[in-house]
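Each remark here refers to the structure printed beneath this line.
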Amino acid sequence: MSDLTSRLIVDERLPDTYGETVDRWWRPLARKIADWHRMTHAPIVVGVNGAQGSGKSTLCRFLQEALLPELGLTAVTLSLDDLYLPLAERQRMAQEVHPLFRTRGVPGTHDVAMGMALIDSLRAGARVLIPRFSKSADDRMPPQNWVECSVRPDVILFEGWCVGARLQDHSSLTAPINALEAQEDPQGIWRSHVNDALRTDYARWFSAIDHMVMLKPPSFDHVLANRILQEHKLREARPDSPAAMDDDAVKRFVSHYERLTRHMLIDLSPRVDVLIELDARQNPVHSRGLLF
């Protein structure tokens, strides 16, 4: 394990055993990505899909800062979480389309035009400023907080919870999937708009992806449990944080993601180039598409 990998483990407050995860799973993935790049010798976009709490952001940091550079490749990470629409725009959607669009997360709440332009500019090697989003403020940060990328990357890691998702059959939208949909979207207006976004803007956006990686949890119930555990840790570390949520608030928030998460576990997992299955504690346990 390299010194840089050891430092990242400390920075991310990961257990010492995470080094084994890096060597066992992430290094083979880095070699796979390098193989993909060698096929084109041009910048490639690697989509990294993973439900909330699956570790996709941590994985991308290790790939970008340590593992891909070891293979002679430069990488940049573009996170779906940094491309949410500003609060004012989501408030407008809440008034004009449906109140549930006030909450960030689902397709329809991202700046797709900006995301597509960023990918095009990164491929071309143009100087770009990658936006940053403040979850505590629930709004886009001012441009002075954005991150500059002035080097043409070999690999663009495009990570996010619904990256690569496809629309659902219209018939599957009829019945609500949880209490949030039943009580706050009884006519299906919100979920239909989400599905239409996947059919149009997001389909064009995701078509820029050259290869897909998915971190797959055992079930949606595990996603919810891990998200609640994350919030407990946040409240312990920062009990006065205005962004902290109790368990009921977490359940309501995650309910916004439930329909599409369940859909992707079935629809996306067979289609990705590399599938990494996780156990209940978010540790990789099985893969498809990797050579060890």
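Aspartates and glutamates near LYS135 by alpha-carbon distance under 15 Å, same-chain residues fewer than 8 away left out - which ones?
Candidates past the 8-residue exclusion: ASP81, ASP82, GLU231.
Provide Rg over Rh for the range 98-193; use the alpha carbon set for both Rg and the Kirkwood Rh (inverse mean inverse pair distance).
Details: Rg = 17.2 Å, Rh = 16.1 Å.
Here the Rg-to-Rh quotient is 1.07.
Using r as the Cβ-Cβ distance of ILE189 and ARG92, and R0 as 22 Å, what FRET efficiency do you calculate, to the nearest 0.05?
Values: r = 16 Å, r/R0 = 0.72.
Efficiency at R0 = 22 Å is approximately 0.90.
Fewest first, what order do VAL250, VAL151 take by the number of other Cβ atoms within 10 Å?
The most exposed by this proxy come first: VAL151, VAL250.
In deg cm²/dmol, rounded to 500, what helix-only [θ] at 222 nm does the chain give when every DSSP H run of at least 4 residues adds -39500 (n - 2.57) and the total is split over its residues?
Numbers: 11 runs with 119 residues, N = 292.
After summing the helix terms and dividing by the residues of the chain, the value is -12500 deg cm²/dmol.
Whole angstrom only: what separates the Cα centroid of the range 113-156 from the Cα centroid of the range 1-63?
Measuring centre to centre over Cα atoms gives 20 Å.
Can you list the aspartates and glutamates whose alpha carbon is less than 15 Å from that of LYS216, not counting same-chain residues fewer than 8 positions off?
Within reach: GLU159, GLU258, ASP267, ASP273, GLU277, ASP279.
Between rounded, prolate and oblate, where does the range 172-292 land on the alpha carbon gyration tensor, with a ≥ b ≥ c its root eigenvalues, rounded for a/c under 1.5, else prolate if a/b exceeds b/c?
It is oblate, given that a/c is not under 1.5 and a/b is not larger than b/c.
Let's test this: bin the Cα-Cα distances of the chain at 10 Å from zero up to the farthest pair and state each bin's percent.
For the chain, the pair-distance distribution reads 6, 27, 37, 24, 6, 0.
What is the distance, in nm, between label points placed 7 Å from the Cα along the Cα-to-Cβ direction at LEU129 and at ARG152?
Taking the simple label geometry, LEU129 and ARG152 are separated by 2.4 nm.
For the range 80-129, what relative contact order do you get, as a whole percent, if you take Cα pairs closer than 8 Å and at least 6 residues apart?
Computed value for the range 80-129: 33 percent relative contact order.
Find the relative contact order for the chain and round it to a whole percent, using C-alpha pairs within less than 8 Å whose residues are 6+ positions apart.
On the way: 440 pairs, mean separation 69.4, N = 292.
Normalised by residue count, the contact order of the chain is 24 percent.
Among the trypsin sites (Lys or Arg not before Pro) within the range 1-48, which fall in a DSSP loop and have no more than 16 other Cβ atoms within 10 Å of their own Cβ? Present the calculation step by step, with values, prior to reporting the outcome.
On the way: sites: ARG7, ARG13, ARG24, ARG31, LYS32, ARG38; in loops: ARG13.
Sites meeting the loop and neighbour criteria: ARG13.
Computed from the coordinates by the stated procedures, all read-outs in this text should not be read as laboratory data. All values derive from a computational prediction rather than experimental measurement. All Cβ positions, even for glycine, are placed from backbone atoms using ideal geometry, and neighbour counts span all protein chains on display.
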